[in-house]
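Here's the structure we're looking at; comments come further down.
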Amino acid sequence: MINQPNDPADENLVTVFGGTGFLGRRIVSSLLDKAVVVRAVSRHPHKTKLDNASGKRPSQQVEADIMDPSSMAATVVGSRAVVNAVSLYVEHGEQTFERVHVEAAADLAAASRDAGVERFIQISGIGSNARSLSPYIRARGRGEEAIKAAFPGAVIVRPAVMTGPDDAFITTIARLVRLLPIYPLFGDGSTRLQPVYVEDVAEAVSRLALGQNSTDASIFECAGPRIYSYRELVREIAMQLNVRARTVPVPFAVWTILATATEFLPAASLARNQVDLMRLDNVAAKDLPGLEELGIQSRGIEDVIRMIEHAA
Ligand SMILES: NC(=O)c1ccc[n+]([C@@H]2O[C@H](COP(=O)([O-])OP(=O)(O)OC[C@H]3O[C@@H](n4cnc5c(N)ncnc54)[C@H](OP(=O)(O)O)[C@@H]3O)[C@@H](O)[C@H]2O)c1
């Protein structure tokens, strides 16, 4: 059910595309806490586990595909702000990185502009680069450019790798350090990462969607309080869990072969884009604003590990 533009609730309406995802549902929850009317859009609004976050349900749940331009105007109508938190980690058929992260994202930005939306927030990722050789990283960078062209004044939020209960990162490392006698590293484990708590990013996005920011910068990089090499991070997680981690370097070429062979399996937990991302440092740029500039004190992985253990 979608409100009409002159519905009184529209005064205070934010639409979150991907509002049922790992980050999206925390954005929804953070906006609801601020007494905002939230429309969450996804392809399977009723199939998702909203209760894993806060149990709060969006004010409106709308079924739509970001790749379908015909439904786009109706999904954004009456919104003061629109957030795009749609993901695509593995390409399938016509769902390509270019189609979802560049074309559909730009279509959504253009539809928002045409509907008179005040603010458009695109969730991208640290390291996005329109000139990268990696199809995923390139599409994220090209997507940012296409959105800025379609919606002048759009804000790009680039999170570092996000953590929290039901994440795909710390939870996986924690499971594997307990299970495996020797932990295989990406390369020599020297890639630098700055993991960020997903709810801190959600809070940042909700403040930006409501214009609660003192800086009018157009790009924010949201990262956690500490930078780790991947090897240090694995050891830190093992230490927090009271297990011993013996690590072994594994060349990136081996990971790429593994990801290529397994990413189309239904339960695959490794994709080529992840391997591409792990080749490059993933830390916030010092010259771009982030959580601190939005008045958010970021939480470290010790807190997150406690939450993950508590939720297990
Ligand atoms: N997770 C991380 O560590 C991380 C780090 C940096 C950046 N990011 C970025 O943050 C954003 C959110 O990531 P996430 O991990 O929260 O993703 P996620 O958990 O996979 O959630 C994706 C959301 O998008 C919806 N969606 C997917 N395809 C759609 C389509 N074609 N049309 C409409 N809705 C669609 C999904 O619901 P349905 O499947 O029901 O449609 C779901 O609500 C992405 O841009 C991602 O690249 C994530």
Once the dipole of region 175-312 is set up from charges on Cβ (+1 Lys and Arg, -1 Asp and Glu), the residue from the list L180, A217, T260 lying farthest towards its positive end is L180
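With a 10 Å Cβ neighbour count serving as the proxy for reagent exposure, in which order, fewest first, do S206, S128, S269 appear? Write out the running numbers ahead of the final one.
Working: S206 27, S128 21, S269 13.
With the sparsest Cβ surroundings first, the list reads S269, S128, S206.
Helices from the chain with mean Kyte-Doolittle at least 1.0 and a Cα length along the axis of 18 Å or more, per DSSP H: which? If you can, show how the numbers build up before the last one.
Details: long enough: 135-150 (22 Å, -0.74).
Helices passing the filter in the chain: none found.
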The Rg/Rh figure for region 25-121, Cα atoms and Kirkwood Rh, to two decimals is 0.96
Among R39, R175, R142, the residue with the largest mean-square fluctuation in a Gaussian network model of the chain built from Cα contacts under 10 Å is R175
As straight-line cross-link partners of K34, the qualifying aspartates and glutamates (C-alpha separation under 20 Å, not fewer than 8 residues apart within one chain) are D7, D10, E11, D51, E118, E199, D200, E203, E292, E293
As straight-line cross-link partners of K286, the qualifying aspartates and glutamates (C-alpha separation under 15 Å, not fewer than 8 residues apart within one chain) are E221
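In deg cm²/dmol and to the nearest 500, what is the mean residue ellipticity at 222 nm of the chain if only DSSP H runs of at least 4 residues count, each as -39500 (n - 2.57), divided by the residue total? Please list the in-between numbers first.
Numbers: 10 runs with 103 residues, N = 312.
Result for the chain, helices only: -10000 deg cm²/dmol.
So for I219, I301, fewest C-beta neighbours within 10 Å to most, what's the order? Working shown, then result.
Working: I219 18, I301 23.
Ordered by Cβ neighbours within 10 Å, fewest first: I219, I301.
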For K56, the aspartates and glutamates lying under 12 Å Cα to Cα, once residues fewer than eight places off in the same chain are dropped, come out as D33
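Every number here is computed from the coordinates shown, using simple stated rules; none is lab data. All of these numbers come straight from a predicted model, not from anything done at the bench. Ideal geometry is used to build each Cβ from the backbone, glycine not excepted, and the neighbour counts take in all protein chains shown.
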